[in-house]
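See below for the structure under consideration.
The values are calculated or read from the model by the stated rules, or taken from the named source; none is laboratory data. Not measured: the values here are computed from a predicted model. Positions of Cβ are generated from backbone atoms using ideal geometry, with glycine treated the same way; all protein chains shown enter the neighbour counts.
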Amino acid sequence: MRKSVQNLKVIANLRLNDDHHLLQLHAPDQLENIIPGQFANIHVDQSQSIFLRRPFSIHAVDYESNIISILIKEVGDGTRSLAHSPVDSYLNVIFPLGNGFSIPSAKEKVLLVGGGCGVAPLLHLAQVLNRHKEHDINILLGSRSRTDLVELDQYAIYGKVFTTTEDGSFGEKGFVTDHSIFSTQLGSFSRIYCCGPEPMMKAVASKAKASSVWCEVSLENTMACGFGVCLCCVTETIQGHKCVCTDGPVFNINQLKWQI
């Protein structure tokens with residue numbers, strides 16, 4: 001798949017809560033097909049001290065308007081700088097990078113599980129699955145508290161939304177794997193797609209494996225180059241060490257050497 005380096009115009013910068021921003025970026029050229037789970041590497045122009053690009057999952061795609069959306073959580077100088085990109089400014093972006101989620105060709109009941117910023121690639125995945133209409137799409141989103149949950153209304157456009165919060169302020173209390181859907185419905189799903197902190201993904205993978213449910217996860221290893229050159233994102237698989245940025249970020253759990 002052809003990668004593109006483009007200066008994308010910031011046409012909207014929406015503050016979702018205290019530390020999450022949604023950037024809507026307009027591409028000058030017609031967007032080619034972007035597979036859910038692929039990511040973009042963005043140059044931090046506004047900083048004199050940050051030299052490496054920052055990787056972000058592609059959150060949503062509007063092919064008619066030529067817009068991609070990026071969900072950013074402020075966690076450091078780079079993300080803070082990008083999160084405050086002014087409208088009408090431009091960001092230099094390399095995209096789409098990596099390999100995305102597998103899309104079922106026939107009707108299936110699927111569960112999308114996201115925690116923290118791991119919810120980002122799941123909206124685009126839900127969009128694509130919804131195009132086929134016949135899929136039964138279920139989306140489980142977890143966070144520390146109600147204020148950390150973002151865009152629930154957008155996810156609800158494409159499927160049934162369930163939530164957990166660690167403090168019990170919204171949805172069921174606990175981690176995503178504490179949700180009753182895992183104890184009452186897990187065996188009814190043919191596929192699970194997951195992204196979030198590694199301990200969360202390992203817990204989801206363990207439950208999926210125990211119930212013989214097919215599962216893919218999107219790893220969030222530190223990535224610098226996006227082309228498999230710097231080797232800082234390597235993960236161990238049954239076929240040896242793989243670069244998350246080029247061989248992933250999406251892997252089937254049976255490919256990974258996780259103790260689950």
Practice task
Tell me which of these Ser206 doesn't satisfy, since it passes every other one: (1) under 24 Å from His59 (Cα atoms); (2) in contact with a Ser or Thr (Cβ under 9 Å, 6 or more places away or on another chain); (3) hydroxyl-bearing (Ser, Thr, Tyr); (4) touching a residue at least 40 places away in the same chain (Cβ under 8 Å).
Solution key: (1)
Handout entry: Out of Glu216, Glu220, Glu236, sole residue that is of a type in the set (Asp, Glu), modelled with pLDDT under 95 and outside any loop (DSSP other than H, G, I, E, B)
Key = Glu236
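Please count how many residues of region 104-129 are outside any strand (DSSP E or B) and under 29 Å from Ser145 (Cβ atoms).
Going residue by residue through region 104-129, those that are outside any strand (DSSP E or B) are 104-108, 116-129.
From what's left, under 29 Å from Ser145 (Cβ atoms): 116-127, 129.
Total satisfying the criteria: 13.
I'd like to verify a number: residues in region 206-236 that are among the hydroxyl-bearing types (Ser, Thr, Tyr) and within 17 Å of Gly100 (Cβ to Cβ), how many?
Of region 206-236, the ones among the hydroxyl-bearing types (Ser, Thr, Tyr) are 206, 211-212, 218, 222, 235.
Restricting the remaining residues to those that are within 17 Å of Gly100 (Cβ to Cβ) gives 218, 235.
So the answer is 2.
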Handout entry: Those residues of region 127-155 which are free of Cβ contacts under 8 Å to residues at least 12 places away in the same chain and within 16 Å of Gly171 (Cα to Cα), in sequence order
Key = Leu152, Asp153
Problem - Hey, Leu112 within 19 Å of Ile68 (Cα to Cα) and either surrounded by 15 or more Cβ atoms within 10 Å (Cβ to Cβ) or in contact (Cβ under 8 Å) with a residue 40 or more places away in the chain (or both) or not - result: no
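Considering only residues that are within 17 Å of Leu14 (Cβ to Cβ) and either assigned to a loop (DSSP other than H, G, I, E, B) or small (Gly, Ala, Ser) (or both), look in region 58-76 and name the one that is modelled with the lowest pLDDT.
Here is the first cut: in region 58-76, the ones within 17 Å of Leu14 (Cβ to Cβ) are 58-62, 65, 67-74.
Imposing the further condition that a residue be either assigned to a loop (DSSP other than H, G, I, E, B) or small (Gly, Ala, Ser) (or both) reduces the set to 60, 65, 69, 74.
Values: Ala60: 98, Ser65: 97, Ser69: 98, Glu74: 93.
Within region 58-76, the match that is modelled with the lowest pLDDT is Glu74.
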Practice task
Could you give me the residue pairs with C-beta distances under 9 Å whose first residue belongs to region 232-260 and is in contact (Cβ under 8 Å) with a residue 12 or more places away in the chain, whose second residue is of a type in the set (Gly, Ala, Ser) and part of a strand (DSSP E or B) wherever it lies, and which are 6+ apart or on separate chains?
Solution key: Gly248/Ser218; Pro249/Ser57; Pro249/Ser218; Val250/Ser218; Phe251/Ser218
Fill in the blank from the handout: Of the residues in region 241-250, those that are surrounded by fewer than 22 Cβ atoms within 10 Å (Cβ to Cβ) and either at pLDDT 95 or above or under 19 Å from the mean Cα position of the chain (by Cα) (or both) come to Thr246, Asp247
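Can you name the strands (runs of 3 or more DSSP E) wholly within region 1-57 that have at least 1 residues being surrounded by fewer than 16 Cβ atoms within 10 Å (Cβ to Cβ) and polar (S, T, N, Q)? Give the derivation first.
Numbers: elements: 4-15, 20-26, 39-42.
In region 1-57, 4-15 are the strands (runs of 3 or more DSSP E) which contain 1 or more residues that are surrounded by fewer than 16 Cβ atoms within 10 Å (Cβ to Cβ) and polar (S, T, N, Q).
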Handout entry: Leading residue by the ranking (surrounded by the most Cβ atoms within 10 Å (Cβ to Cβ)) among those in region 209-224 that are without any contact (Cβ under 8 Å) to a residue 40 or more places away in the chain and under 20 Å from the mean Cα position of the chain (by Cα)
Key = Val217
Exercise for the section: For region 63-117, name all the residues that are in contact with a strand residue (DSSP E or B) (Cβ under 6 Å, 6 or more places away or on another chain), among the aliphatic types (A, V, I, L, M) and under 24 Å from Ser211 (Cβ atoms). Expected result: Val110, Leu111, Leu112, Val113
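For the condition within 20 Å of Ile68 (Cβ to Cβ), in the same structural domain as Ala203 (by TED's automatic domain parsing) and surrounded by 17 or more Cβ atoms within 10 Å (Cβ to Cβ), what is the one hit in Gly171, Gly159, Gly142, Gly118? Walk me through how you get there before you give the answer.
Values: Gly171 fails: within 20 Å of Ile68 (Cβ to Cβ); Gly159 fails: within 20 Å of Ile68 (Cβ to Cβ); Gly142 fails: within 20 Å of Ile68 (Cβ to Cβ).
It is Gly118.
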